[in-house]
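All remarks here apply to the structure that follows.
The values are calculated or read from the model by the stated rules, or taken from the named source; none is laboratory data. These numbers were taken from a predicted model, which means no experiment stands behind them. All Cβ positions, glycine included, derive from the backbone under ideal geometry; neighbour counts span all protein chains shown.
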Amino acid sequence: MAYSWNDTSKPDVRYAIVGNGFDLECGLHTGYDSFLKFVREDGYASLPVGASLTNSIDWQGFRSHNYWLKRFESVQIGSGWVDFENEIARVIVTVEKGMANASAIQAFLDDDIKWNSLIRSLSIFGELYNFFKDDGAPIQSYRDLVKRLLDDLRYLTRCLEAYLRDYVCTKPPKETAATKALVRRLCESDRARVISFNYTRTFEQMLKSKGVDCEFCYVHGAIGDGSKKNTMVLGVDANVEPDGATTPVEFGPFMKYNQRIFKQTDNRYMTWLDNVRSSHEGIRQLKELADRFVLAPSSSVDMGATLDRIEYLKSELRKELRKSEVVVFGHSLGLTDRDILKSFITLPDTRTVVYYHDEKSFSSQVSNLSSILGADELITRTGGEARTLEFRDQRELV
């Protein structure tokens with residue numbers, strides 16, 4: 001029987017999946033809107049002289065010449081990083097569609113009549129053309145545009161790292177009833193593991209200050225000390241292509257999976273998942289072996305010794321087959337992280353609790369998880385005494 005919320009025994013392993021909502025709960029200005037405000041209001045002028053990352057940033061140039069910064073200052077989207085990433089995806093998909101034929105696009109660039117026809121159907125493409133033209137460097141080709149978009153995204157990511165390290169993380173996080181309770185919850189387990197989608201190390205530092213020993217995995221990278229290359233992942237989901245179409249190679253660097261590989265971000269979560277799956281597969285095979293001997297005994301087989309061996313192997317495998325609990329805090333369950341979220345929620349002998357901030361986020365999380373798991377799967381997991389998934393108000397985490 002699956003490990004459900006009707007089971008009163010405590011889990012042996014707790015996986016905490018934390019998103020930007022955790023840092024916001026700690027009073028840190030880690031939202032993209034706070035970052036934009038910081039740049040717009042020249043907040044970088046107040047950064048300490050000699051800050052390693054800040055010294056490498058041309059803030060004025062970033063403010064004046066970065067396409068993505070200008071775009072996000074001019075559009076109305078939601079307040080979460082998932083909304084930020086979805087808007088990037090919208091631009092990328094639109095550009096890809098509009099530039100499917102590079103030679104035809106080059107003709108558009110050289111013909112005002114054709115160009116006017118194009119921008120009427122693809123406003124984003126026209127916006128891009130006009131932005132770079134007004135910036136004094138008109139688009140020269142299909143690959144030129146893609147390269148500029150990628151360069152601007154990478155520079156924005158670098159500026160974001162400097163903002164987080166040299167501004168946000170210089171202020172101590174506040175501890176709330178919810179964050180304290182989350183720390184206590186991890187203390188209760190024999191083993192605790194954290195999958196962080198944040199760039200800051202706020203939660204890790206908080207746990208260490210309480211003497212909590214647990215493993216951390218920064219899926220999207222983390223802010224560095226300025227001496228090494230930027231490892232932060234900021235991009236779009238690999239599934240932005242309609243009808244399962246293959247993403248053109250030029251757009252690969254915009255994809256999160258591509259950035260994770262290129263930037264060699266922490267992927268130990270995959271080992272955690274593989275160990276659990278391998279153990280369950282071993283149990284299944286051993287059970288089949290035992291059933292085979294029981295149903296079709298052979299005089300040439302020492303049944304007692306064989307079955308003893310099978311039971312021993314099963315007991316050894318069971319040591320890795322711990323009952324697991326996944327605690328989601330501060331994550332929108334956005335589709336850009338669907339692959340990792342689904343992998344943990346659907347692990348064998350695992351139950352999940354998703355904490356929501358308010359009614360609006362609750363509704364959004366339910367919708368997002370329905371898209372990730374499928375409506376039928378979500379209904380099954382949240383219903384009845386054997387339910388393995390619950391949504392709870394984070395104010396209950398006390």
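Structure values in brief
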| item | result |
| --- | --- |
| Test: residue in the stretch 10-22 that is in a helix (DSSP H, G or I), modelled with pLDDT of 85 or more and of a type in the set (K, R) | no |
| Conditions (1) free of Cβ contacts under 8 Å to residues at least 40 places away in the same chain; (2) at positive phi; (3) of a type outside the set (S, T, N, Q); number of the one not met by V183 | (2) |
| Helices (runs of 4 or more DSSP H) contained entirely in the stretch 331-393, each with at least 1 residues that are of a type in the set (A, V, I, L, M) and surrounded by 21 or more Cβ atoms within 10 Å (Cβ to Cβ) | 338-345, 359-373 |
| Count - residues of the stretch 127-176 that are in contact (Cβ under 8 Å) with a residue 40 or more places away in the chain and assigned to a loop (DSSP other than H, G, I, E, B) | 7 |
| The stretch 177-227, subset part of a helix (DSSP H, G or I) and over 14 Å from C26 (Cβ atoms), residue modelled with the lowest pLDDT | C187 |
| Tally, over the stretch 389-398, of residues that are at pLDDT below 95 and either farther than 14 Å from G21 by Cα or basic (K, R) (or both) | 4 |
| Condition met for L69 (modelled with pLDDT under 90, farther than 30 Å from S343 by Cβ, buried (at least 20 other Cβ atoms within 10 Å of the Cβ) and under 27 Å from the mean Cα position of the chain (by Cα)) | no |
| Any chance S367 is over 28 Å from E175 (Cα atoms), at pLDDT 95 or above and among the hydroxyl-bearing types (S, T, Y) | yes |
| Those residues of the stretch 64-89 which are under 18 Å from F125 (Cα atoms), in contact (Cβ under 8 Å) with a residue 40 or more places away in the chain and not in a helix (DSSP H, G or I), in sequence order | N66 |
| Matching residues in the stretch 165-183 - criterion: being β-branched (V, I, T) and closer than 29 Å to V326 by Cβ | V168, T176, T179, V183 |
| Any pair with Cβ under 7 angstrom, 6 or more apart, that starts in the stretch 337-358 at a residue that is on the phi < 0 side of the Ramachandran plot and ends at one that is assigned to a strand (DSSP E or B) and of a type in the set (K, R) | V353/R392; Y355/R392 |
